[in-house]
Structures are given as structure tokens and as C-alpha cells.
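**Q** First, the structure itself, so that you have it in front of you.
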Amino acid sequence: MILKVEHTTLFEYEEPIYETATEVRLHPANSTGSQRCASFNLQVTPSAMLFDYTDFYGNRVHHFNILQSHKQVRIMATSVIETQNHTATAPHEEDEIVLLDLLSESRYVHFDPAILALAAQFRPIRDPYLKAIEICRHINGTFLYEPGVTDVHSTSAVVMALGRGVCQDFAHIMLALCRHLGLPGRYVSGYLYGGGSTPEGQDEASHAWCEVWCGKEKGWTGFDPTHKTLLVDDRYIKIGTGRDYSDVPPVRGTYKGASSEKMSVSVRVSALEPAAAEAVGQRPKEPE
Amino acid sequence: MTRLFDLYDAEPARYFDEVIRQDESPRSHYDILIRRFNQFSADDIRTRREVANIFFRNQGITFTVYGVDEGTERIFPFDLIPRIIPGSEWSTIERGLIQRITALNLFLSDIYQSQKILRDKVIPAELVLGSKHFRREFIGVRPPLDIYIHVTGSDIIRDLDGRYLVLEDNLRTPSGVSYMLQNRNAMKRAFPVLFNRYTVRPVENYPQQLLRTLQEISPSPKPDPNVVILTPGVYNSAYFEHSFLAQQMGVELTEGRDLVVNNNKVYTRTTRGLQRVDVIYRRVDDDFLDPLVFRPDSVLGVAGLLNAYRKGNVTLANAIGTGVADDKVIYSFVPKIIKYYLGEEPVLDNVETWLASDPKHLKYILENLDKLVVKAANESGGYGMLVGPQSSAAEREAFAEKIVADPRNYIAQPTISLSRHPSFVTDTEVAPCHIDLRPYVLYGKSVSIVPGGLTRVALKRGSLVVNSSQGGGSKDTWVIDN
Amino acid sequence: MLSRVAESLFWMSRYFERAENTARFLDVNFNLLLDLNSITPVDHPNYWKPLIMVMSDPDHFSSLYQEYDAHSVTDYLVFNRKNTSSILSSISMARENARSVIESISSEMREQLNNLYHFLQSASPQQVHSDPYTFYKEIKNASHLFQGITDNTFSHNEGWDFVQIGKYLERADNSARLIDVKYHMLTDGHGQHADVVRNSMDIIQWMAVLKSCSALEAFRKIYLSKITPDNILDFLILDRAFPRSITYSICAAQEALWRISGSSQHRYTNNVDRLIGKMEAEMTYTTVDDILRKGVHRFLEEVEQGLVKVGEQLHLLYFAYHTPKIEPHDVSEALPFTGLGGGRANWSQSQQQQQ
């Protein structure tokens, strides 16, 4: 599929604030085998010089700062991505130390007693892929999707206690279970086409799921514990991966000044005709 | 008249005494010192102590005690009897530290680049990955000259046989170097004659050497790079040292709020506008450097600093993530690290160490808690430790639970009886007190060590704790030509 | 020098001066009441309310105390930490600022600040009421001692200039407020100010105003015993030699600003120099008749507003970071970048991934 994502984040302040410093992780992953980023455009107002680097997890991070006082910051990311169902062929390779690192606890992923108790029932399943999909199915079937009960900083322990949450929370639970059972797992930040709350696909938030290392045969496989389909397909657009949310927050920033802050986010994912995608340009573009 | 050293009881059979040999005769390099002190009357001592005290007070040399109203400032206790290290012994220490710091730097460079030592399974990868101070985010970010640990201070002790052993490597923000410099100034004032009887190697040019080291790692080719010190602020216990070093080097002493990052470059805010900064000698921990990256609640840091660092627009001394190499668990692997990178045997040995993360070691630790000193891997300053022989059964039981719950975080060492040195325990009375040594190592284009360092002394009789936060003092350290 | 250090020196000095001025007003008020004791009941609120009007905010005062009397006003202006301009608050703030630049000032300065702070902390309201003269004298002397120590132990370079600016801007402002309120009080109800002089009670009050500026002797040398409002206004506002007059203070602040920037009489290089130069010129070429024609209150109000503008531009130029782009006409758009508590970064909200 050829998909277009428009992701706008708006911070508004009652009083002028200053010295905004912001990191943005919105550039879709490129050449992962299942997706290609045809174009990416990032616009910031008030205007700021944009810088970028590739982080330890291979994610493209953009950052900027605004010294002068201002009362709002608007960050608009527009990208066009070509996706397909998993095509890469075995055997898959991954660095052993990276895999080892993705077995341990991290800021939002804890091996708390509730996780340990829940993990026990999956232990007998030998095959990594089958184990992961059973875990995924279990979370999808037993946890209740309910926005507003958790916040962006909820840990897996909190979500276990509540039994409810949103995609970010379910991904953290799945990672805790998998890692505890010896399956390296990583958090994926991205978007889902057609999963929006309105028919036009507007007013969506970004999406999160996880990837589990299922051995050299299957490699990294995407699982989405939030949606019944469970497996990641060409409707999924991946931005990047990390140990958990804290490694790949879409926008993270600080500012100085005494003012309350209002944040509004809008995400719109739409399908383009192949010809339209051509017009947008085939080559990845430097952000302006 | 009783002379000062007449009543000195070194108990050389039980302890290694720096001054008195096993056969109760004085070591030759202390002869002059003992003769001189024996000539002093109680009044002489008092006068000289007063000279030193006035010097310290006038210099405002104080440290802050936590937990007291507004942070009371105290003068760091100073002992009048200097510690003397013969040049031959010093050259061993120097060789050992250069070897050790070189190897530790190679280790840091390796684990933040290709991680060969982990792939070769010399150190279990999970120990590095699990270290609180391992900054995986900075893998692949290469600092200028590939140097991570520019300013360090390893703690060295002597065992019963007088062997110098490394107890701890302080690779983050070791403090105390200002005391080394001021102790020397005080001694020169209080004992000018005695000082001249020895050929004491100078320490006075440390600030210049430090500045040169910091300039050498500047990312900018300009001849006079702008170096600043970053301090957590006036309430930090080492604030005096930060302002002292700034004065001595002639650089700005900045707090986080004095710095600002604009377009990926770091500046100080001055009355003449923004001034570009090239090198930051930071006395702020990693966690607090950049609220954008590590600790959102940090008021000490500068938002965007680490991206400027990542880009190579500013150098931080020390680099990010050096704490992984002074983690007490990694410490136990330093002899292997030296062998792995340099192919040499260590010149200075480690103190024997058991790792709670190793099941066999864990069993030994739990069975011998009453004989061991157990330390948390990532704490310093004498916090988070259990001194077995001085603990109650209940304390040991509580500590055992902590160890079992988090074995990666604990190590154990035998209770080592630090060497002892005559020190004033009252105004006029000299008794043996336990000491250690912290030499200061600089690493720019090459490794250099100021001859001497800070000798810390536990001025409470029998106490083993030399930390300034817990009632220790210090003495001047003289490295002499043989 | 670092903006933070400059700003802390400026505020250290400014707060110290503020404490001294508050002590002066209170001291003189007590003296005045002794003089007036035979004529009128001294606990009348009219004698206490103006102090609050000069030094602070009457609404805030009323939220804490029932009445304006010796006890409540003294407590509010000397000891109350809720009043940010009480003597104790001012000295605490001066001390905080000094602490944050401890390596930049002399140890004698630090010691003197600490001495006064500890003196104030151990003082009781009882002590003040039983012997106000000694108490306020102690504070005034402490301030003079601090200034003397500063002049003699602190290098006369940029940092010292910021100390001078802080002192003189505060002093000019305090003098303007004092004259404004006293003039208003003394002319109010009399209609024409010409009647004022005939009232002996008013002469006592005008003398008190002079005393609170330590100006009585200096004034007499020039005007002998011609204590008229015009002469007093002329002296306290326009005299170029008396160190507590408004004009003198503005000139002294101007000189310090020029030393920093290298500006001179005929050429200014920045907004703060332009503004202070404009004020200095206005004071120089104004006569007391001009002031009376304009109205004393209006004139002093303009002086106060002028000083505020100077303070704002000073902040923008030297304490806030400064780039050519930022010269906001609307000062409310400019924010404190440095100073105590000015450095905390807030963490922006994070967006939950919650589809």
C-alpha cells in the first residue's frame, strides 16, 4: 500500500515561554524489508533550524530549539510510505548483544509479580513464534481497551493491576511477558491505517505494538496485542523501535517559563493511488 | 620532657605502619620528620596548627554537611603530619595507574564502539548491559582523541604487607584535588623548615595541567578554546573545589542556567552576549546533564547539551557513561581488562572481590557476611555498604535479603585493615590512624599523574572510614626523591 | 562576565539598599512621632499608612493586619517574610544572591551580609519597640559598612559597576516614592501648597523627610533655615552633590552604565544607556518650577516609570541572553532567563500512543 501520514503536534501556552528544546521521532523507518519511506517533510513553527541524527536503535531523530519567547509550537510531519507484507527471507541475522539487551527490564517494562504469574502459563510453549502469538492473543482477549485510565508514563505493573489501557500499555505488557520468557522483544512506534476512530481516519493518535525475535527462521516479527488481527501487515507503518516507549516518544521536549501547556495531537493516515505517490517523489527527501 | 613520638604505639605486628617498621625502628625516609616533630613543644604545635587553620579559613576552604540547616559549612579537618612516599614506591604507583587508566579507557572505547570484549566473553555481557551507568544511547558516539576518562582519581590502599592495592576507580567526577593543593600550601606555611629538608616533588601545577588537558580535547582547532566548569551550584558539597579550580585555571564557573544550547552549539550567557563554549569540565552527574535526555526533573543541566556533544560541537570531560567502568562489579574484572587490551600483568593488584551475581560467590558471601565488607555496585562515599565485623545479626540478615533480591548490585571484599600513619588525635597527642591515597590522573594527549595526591585519614581512633562526609580528614602527601 | 553573576551582584546590592531605605523610613517615623507627641495621638493610622504606601502594597498589608499602627507596620516592614520587601526579606534575598556568586565577592562582603542577617534573625519586635533608634541605626550602619567594604575589597571592574547600578537605581526609586507620598500627604487638604509652610506641624514633617534621607544638615548648609517645600523638593530631587538626591543617584547609575558599555555623553550604544541618558538630561535641565507646573506627583511618577524602564532594558541587555533579533518593544514578551529560580526547564507533555 502507499500511505500518507500527516501528524501534527501543537503546544500552546497561556504566557510566553522560551528556550524550547525538542526531539522528534517521526521519520518512518526506511528499507526495513516491509516498508520504504518515499518522502518525509517536517515543518516547525515558529521556524527553527532542524538537525538530525540516527540513534542507537537506528531511528532517525530530528531536533531543534527556539530561544526567543513564543506562545505556541507547531510540529507537522508529513510522510509517504510504501508498505508490503513481510517479504524478507530467512535466515535472519541480529547482533547477539542487542538481543541480550532486549531481554531485560527497562523503564516501563518490569518483571513484577503479576507478570511473573501470568508468564507461567506460556512457558510450556516451545516455539518462539507460537509462544509470542499466544501471549498476544491472551492480552488482546483479556485486557480492556480504554483510553484515559492510564497515562503516557504508566508502567507495565500499573497496567497489570488495572487490566485496562491503550496500545502503548499492551505493548509494554507483551514485552514484559516475552522478555521474561526469554524472547527478545522491542517496542515499535508507528501508525495504523484504517484503525481510526472516524471513517475518514482522522483524529487518530499514533500507534504502538511490538516486535519479537522469533529465531533466525522468522526473525523480527510484529505483533499487535491491541487489535484482533494480532499480526502486523501492510496497514502498519513503522517509525522506529526501542526498549520501550521512552526510547521512541514521537515528540519530547522542554521549555522554560511559567505557563500552563496545552498539547493537541492530530494524526491522519490516508491511502494514496500509486500515481499520486509518484508525484510526491520517489526519493527520500531531506527535511526542509 | 616527653617527645611527640615517644608515646607512639604503632602495633606493627597487627597493622602495616607507614612510619614504623616491623622491628619498631622508623623507616629511613621518616627520620628527619620524626626528629623535627620531637623537637616541638606543645605550644609549637599549637602555633603551627593555628597558622594552618587561619590559612584554611581565609581561603574559605569548607565543605557542606548535608542534613543540617541550610548546609552548614565546615573546615575539612587537616592533619599536620605529612605522609611521605619514597620516589621508588611512587614510580610503581605511577606505572600501575597509567596502565590501569589506559586499559580502562580502552575498555570504555570498546564497549561504546564494537564491544569486542563482550563478544569474546571476557566479561559477561549482561554485567555491562545491566550497569546503571551504562549509556547505550551513546554507543557509536566517539569523543575527541577517543578519550573518555580525562580526570580520574583512583583510591589506593596498602595491605598488611604494605602492598599498594587499588580499592576503587573513580571515573566520573572524583573530588578532593583542591584539598591536595591547599594542604600543600598550608604545610609550606606551617612547616617551612621541615619542608625544605626534603626534596618534595611539586603538585602546584595541577590546575595548569588540567587546563592543558581540557584544551587538548577541544573539538575546535582554535588555539585558545573556551573551557568552562559546570557545577551543580553553591549547595553542592564540592562547590568550593569547583570555584577554586575555576579561579586557578582562569575559566568561568558556570551553572546549568548559565549555559544555553542554540542550533546544536553550546554558549554561556554573558553581559556581552552569548559566548561559544568548546569544552565543559562538568562536575554534574550524567543523569542531570540534559533534561531532554535523562532526567526531566533536572534543574542542573542544559537542554540539548547531549545532542551538541553527540554532534561533536562540545567536549564533555569526563565523557558520558564512564560510570560503567567504575561500577564495583566491573572493578573485579579490571585485571582481566588490563590483560585483554594491553597483554600485560597488572602492576597494581585489586582487592580480592566476590560477585553476588555469581552463584558460587553468592554462597560464599552469604556464609561469611560477618567477615566481609559488602558494597552496592553503584554507590560511593561509603553509602549502601555493610561492614561485617561491625554489624549486628539483624543488620546482616536484612542485608542478606537485599543481596539475594538484587545480586547484580552487590560485591563483597575481605575487611582489609588499611595501613596506619601517625596523626594528631588530640591537640598534642599522636596516634596511628588508618589512611588511604587518592592520586589524581589526567588523560589528554597522554596520561599524567601529579606526584602525590590526597591522603585521607580516619581521625577517629580505630575508624576505617576516611570519607569527608563521614568524619575523615586529610594530610599532605610528599613524594620525595630517594 | 556571566549574566547570572552580574544579575546576582545587581540584586544583592539593590536588596541591601532597599533594606536600608526601609529602616530609614521607619526610623524617621518613630522620631517624628516623638516630635508630634504633644500635638496629636501618635497611633493614628495616618502616620503609619504612608509607610506602607511608600514601601509596599496596602492591599497586601490589609490582608494580614487589622489596623495601621506602630506594631503592625513595624512587624510588616521589618520582620514579615510574606512581605517580599520587608527588611528581613530584603536581607535574605541579598544574602541568597551573594551566596550564588560566592566566588565573585570578597569574603569580607559575605561576612558583613551574614552578620546583618544573623542580627535580624535574632532581633525581636519587642527590642525594636523599646529602642527603635538603636535598632534602625544598626541596620543603616551595617549597610554603610557593607558599601565601604565593597568599595575597598572588591575590584572596581564590571561587577562593581553592577553593584553601583543596583544601589543607585533602588535609591532613586525609594527617594521618589518617599517624596511623592509625603508631598501628597502634606498638601492634601490644604489646597494650595503655599499654606503648608505656615503650619508648624508640617515643618516638623518636612524636616522628618529630610532626616530620613540623612539630608537635614546638608540641606541647612544650602538653604539655612528656609524650610519650604520648594527648597526641599529642589534639594531632594535636583541637587547634584547630595548622594541621596534623585538626580545624584541617576547620574551615578549612568556613570556605572557608561563604564560598562563604553558609552559617553554624546553617543549611546544601547537602549539602557539611551534611557538613563535621557533621564539624566531631563533632571539636569528641569527646575523646581517646572516640577510644580507639571505637578509633583506626575513628575515623580514619570521618574519612577523611567527607572522601571531602565531596569527592564538593563535586564534585557545584560542579564537575559542577547541577540540582535531580540529587542522586544513589548517588554512582557521578554522573560527572565537567569537569576534565582530562573533556570528550571519544564518537561513538555508526551503524547500517549493509544490507538
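**Q** I'd like the antiparallel share, as a percent to the nearest 5, of DSSP beta bridges with both residues in the protein assembly as shown.
**A** On the way: 118 of 139 bridges.
Around 85 percent of the beta bridges assigned by DSSP in the protein assembly as shown are antiparallel ones.
**Q** Lysines within cross-link reach of residue A:262: Cα-Cα under 21 Å, excluding same-chain residues under 8 positions apart?
**A** Of all the lysines, those that pass the test against residue A:262 - Cα under 21 Å, at least 8 places apart if same chain - are A:71.
**Q** Continuing with this model, one more query. Between the range B:141-203 and the range C:135-168, how many Å separate their Cα centres?
**A** The range B:141-203 and the range C:135-168 have Cα centres spaced 41 Å from each other.
**Q** Among A:134, B:241, which comes first, then next, by fewest other beta-carbon atoms within 10 Å?
**A** On the way: A:134 16, B:241 22.
Ordered by Cβ neighbours within 10 Å, fewest first: A:134, B:241.
**Q** Same structure again: Which aspartates and glutamates have a Cα lying under 15 Å from the Cα of residue B:339, excluding residues fewer than 8 positions away in the same chain?
**A** B:110, B:120, B:349
**Q** Loop only by DSSP, 12 or fewer other Cβ within 10 Å of the Cβ. Give me the trypsin sites (Lys or Arg not before Pro) in the range A:58-129 that pass, ordered by residue number.
**A** On the way: sites: A:60, A:71, A:74, A:107, A:126; in loops: A:107, A:126.
The qualifying sites are A:126.
**Q** What percent does the relative contact order of the range A:96-247 come to when contacts are Cα pairs within less than 8 Å and at least six residues apart?
**A** On the way: 280 pairs, mean separation 42.5, N = 152.
Relative CO of the range A:96-247 lands at 28 percent.
**Q** Something else: So for C:53, C:279, fewest C-beta neighbours within 10 Å to most, what's the order?
**A** Values: C:53 15, C:279 23.
By the 10 Å Cβ count, ascending, the order reads C:53, C:279.
**Q** Using the alpha-carbon atoms, what tilt in degrees (0 to 90, nearest 10) does helix A:167-180 show relative to the longest principal axis of chain A?
**A** Roughly 40 degrees, rounded to the nearest 10.
**Q** Another one. Write out the chymotrypsin sites (Phe, Trp or Tyr not before Pro) in the range C:238-286 meeting two conditions: DSSP loop, and at most 14 other Cβ atoms within 10 Å of their Cβ.
**A** On the way: sites: C:248, C:258, C:268, C:285; in loops: C:268, C:285.
Here the chymotrypsin sites (Phe, Trp or Tyr not before Pro) that fit, given the DSSP loop and packing criteria, are C:285.
**Q** Something else: State the Cα centre-to-centre distance between the range B:17-32 and the range A:152-182 in whole Å.
**A** Rounded to whole Å, the Cα centres lie 66 Å apart.
**Q** Taking 8 Å as the Cα distance limit and 6 or more residues as the minimum spacing, I'd like the relative contact order of chain B as a percentage. Each step should come with its number before you reach the end.
**A** Working: 940 pairs, mean separation 112.9, N = 482.
Relative contact order here is 23 percent.
**Q** Here's something else I'd like to know. For residue B:222, list the lysines whose Cα falls under 17 Å from its own Cα; do not include residues on the same chain fewer than 8 positions away.
**A** Straight-line reach from residue B:222, under 17 Å: B:265, B:445.
**Q** Under a GNM of chain A (C-alpha, springs under 10 Å), which listed residue has the highest mean-square fluctuation: A:188, A:61, A:152?
**A** A:152
**Q** For chain C, build the charge dipole from Cβ charges (+1 Lys, Arg; -1 Asp, Glu) around the Cα centre, then report which of C:85, C:129, C:277 sits farthest towards its positive end.
**A** Checking the options against the dipole of chain C, the answer is C:277.
**Q** In nm, give the distance between the simple-model label positions of residue C:59 and residue B:345, each being 7 Å from the Cα along the Cα-to-Cβ direction.
**A** 8.3 nm
**Q** Further question: Label residue C:127 and residue A:120 with points 7 Å out from Cα along Cα→Cβ: what is the distance between them in nm?
**A** That separation, rounded to one decimal, is 7.0 nm.
**Q** Let me ask something additional. On a 0 to 90 degree scale, rounded to 10, what angle separates helix A:128-142 from the longest Cα axis of chain A?
**A** Roughly 70 degrees between the two axes.
**Q** Okay, next question. Would you calculate the volume per residue, in Å³, of the smallest convex hull containing every Cα atom of chain C? Before the final figure, lay out the partial values.
**A** Numbers: hull volume 67.0 nm³, N = 355.
Cα-based convex hull of chain C, divided per residue, equals 189 Å³.
**Q** Additional query: Please report, largest first and rounded to whole Å, the three semi-axes of the ellipsoid equivalent to the range B:352-415, where each semi-axis is the square root of five times an eigenvalue of the C-alpha gyration tensor. If you can, show how the numbers build up before the last one.
**A** Values: eigenvalues 43, 36, 26 Å².
Ellipsoid semi-axes (Å, largest first): 15, 13, 11.
**Q** What is the helix-to-structure angle for C:107-122, meaning the angle in degrees between its Cα long axis and the longest Cα principal axis of chain C, kept from 0 to 90 and rounded to the nearest 10?
**A** With both axes taken from Cα atoms, the answer is about 60 degrees.
**Q** Same structure again: What percent does the relative contact order of the range B:261-311 come to when contacts are Cα pairs within less than 8 Å and at least six residues apart? Please list the in-between numbers first.
**A** Details: 62 pairs, mean separation 17.7, N = 51.
Value for the range B:261-311: 35 percent.
**Q** Shifting gears a bit: Considering the options A:222, A:53, A:73, tell which one lies farthest towards the positive end of the dipole of chain A, charges being +1 on Lys and Arg and -1 on Asp and Glu at the Cβ, about the Cα centre.
**A** The residue sitting most towards the positive pole is A:222.
**Q** Tell me which residues come under 5 Å, amide H to amide H, from residue B:455 once H is placed; ignore anything under 5 positions away on its chain.
**A** Answer set, sorted by chain and number: B:438, B:475, B:477.
**Q** Here is a follow-up. May I ask for the distance between the Cα centers of the range A:52-117 and the range C:261-306, given as a whole number of Å?
**A** Value for the Cα centre distance between the two parts: 60 Å.
**Q** In debye, nearest 20: dipole of the protein assembly as shown around its Cα centre with unit charges on the Cβ of K, R (+) and D, E (-)?
**A** Numbers: 117 positive and 138 negative charges, 355 e Å.
Here the protein assembly as shown has a charge dipole of around 1700 debye.
**Q** By what distance, in whole Å, do the Cα atoms of the protein assembly as shown stretch along each of the three principal axes, largest value first?
**A** Dimensions of the protein assembly as shown along the principal axes of its Cα atoms: 108, 99, 57 Å.
**Q** What is the fewest-to-most order of B:433, A:210 by other Cβ atoms lying within 10 Å of their Cβ? All intermediate terms of the calculation are to be shown ahead of the outcome.
**A** Details: B:433 25, A:210 29.
The most exposed by this proxy come first: B:433, A:210.
We did not get these values from a lab; they are worked out from the coordinates using the rules stated. Treat the numbers as computed from the prediction; the structure is a model and nothing was measured. No Cβ is skipped: glycine too gets one built from the backbone with ideal geometry, and neighbour counts run over all protein chains shown.
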